[in-house]
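The block underneath contains the structure these notes are about, expressed in C-alpha cells.
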Amino acid sequence: MQRRSFLKSSAIASGALLSGSMAHAAASSAIKAPAGKHNFKLKYAPHFGMFRQSAGDDLLDQLQFMSDAGFTAMEDNGMKGREIALQEKISSKMANLGMEMGVFVAHTIYWKEPSLTSGNKEKLDQFLKEIQESVEVAKRVNARWMTVVPGFVDLRKDMDYQTANVVNALRRASEILEPHNLTMVLEPLNFRDHPGLFLNKISQGYQVCRAVDSPACKILDDLYHQQIHEGNLIPNIDLAWDEIGYFQVGDNPGRKEPTTGEINYLNVFKHIHEKGFAGIVGMEHGNSMKGKEGELAVIEAYAKVDQF
C-alpha cells in the first residue's frame, strides 16, 4: 500500500502548512484552478500530495484544488499523526467545501512480525488503545471509516487459530466503534508488494467480517491489490458486496491512475454505481507523469472512466 511514502510526504506538507499565514496567502494567490469542474458520479478521494505541483505545499490549498476539480472526498492515511490544530483546520476547510473525509490508518501496522494473529495480549491491548484514540480523531475530522490491517502471519500457529485471534481482536474493536457509528475497514493486501501478511483475499476478508458480525467491521476492497492477488474483480465484488464498506483503486502494473494499466475501471465503476454504492473510492495510487501535466492527467483519467 506504500503508506510509509504517503506518510513521509504528508509530514513534509504539514510543516509547510504551519509556516505562517503570510506564506499561506502567497501560496493561495499562486494557485491555478483546474480547467473545468467535473461532476463525478462517484465520490473519488485524492490524497495530499497528489496535486502539490498545481496547488502548492499548503494542504488547505490542495483541498481547494481538489474541490475545484470536482472531487467531493479526500482520504489521508496519515491523518492520525497530524497535530490536532491541523486536523481541525483540515476538517473546517472540508466542511466549507462540502467534502467528505475518507479513511485514515487507525493503528500501528506490523509489517514483519505477528500482532493480532498471535493472540499476544500486549499487542491486542495496544491495538484496542489505538482504536480508542482513533475514535477521537474520527470525531475531529468528521470521518466514518478507518483502515485496519491485521498484520503479519504467525508462522508458529495454524491459520485457523490465527483467524480466531484476529476475529476476537476485531470484535473487541467493534465494541469500541459501534456506539460512535464508526467503521473499521479491513484491507487485504497482495502477496507481491506485501509478502507474509495475514489478510490477502476478498473472500478471506468476507469470512472474517461475517464472523465478527458487526456494522463496525467491513472490507476495504483495494482493487489494485485484488487484481494482483486474485483478479476476478467484479464477481468478487458481487460475492462480498454485503461486507464491502469502502473501495480504493490504482491500475496494474505500476499502481498509477486508471487507464494506465490493465484494469477496465470504466466497467468496474459503472458496476458499483449501478449496485448503488454511495461510499468513497480512494485514489490510493501515484501519478503516471510528473509535474502539473501529470496531475491534470489524473483528473482527466477519472473523468474518462466516470463516463457511464
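What follows is calculated from the coordinates using simple rules that are stated; it is not laboratory data. Because the structure is predicted, anything quoted here is derived from the model rather than measured. Please note: Cβ atoms are built from the backbone with ideal geometry, for glycine as well, and neighbour counts cover all protein chains shown.
Semi-axis lengths, largest first, of the ellipsoid equivalent to the chain are 31, 23, 17 Å, with √(5λ) applied to each eigenvalue of the Cα gyration tensor. Pairs with C-alpha atoms separated by more than 22 Å, drawn from the list 129/218; 112/290; 256/304; 37/218, are 112/290; 37/218. Taking amide H as placed 1.01 Å from N in the peptide plane, residue 281 has its amide H under 5 Å from the amide H of 43, 44, 45, each at least 5 places away in sequence or on another chain. For the chain, the antiparallel share of DSSP beta bridges with both residues in that region comes to about 5%.
The ellipsoid equivalent to the alpha-carbon distribution of the range 220-308 has semi-axes of 22, 14, 11 angstrom, derived from the gyration tensor eigenvalues as √(5λ) and listed largest first. By how many degrees, 0 to 90 and rounded to 10, does the Cα axis of helix 121-141 deviate from the longest principal axis of the chain? Once rounded, one gets 30 degrees. For the peptides 224-236, 176-188, 47-59, residues were scored by their other Cβ atoms within 10 Å and the scores averaged per peptide; the highest-first order is 47-59, 176-188, 224-236.
The reciprocal of the average 1/r between distinct C-alpha atoms defines the Kirkwood hydrodynamic radius, which for the range 173-214 equals 11.5 Å.
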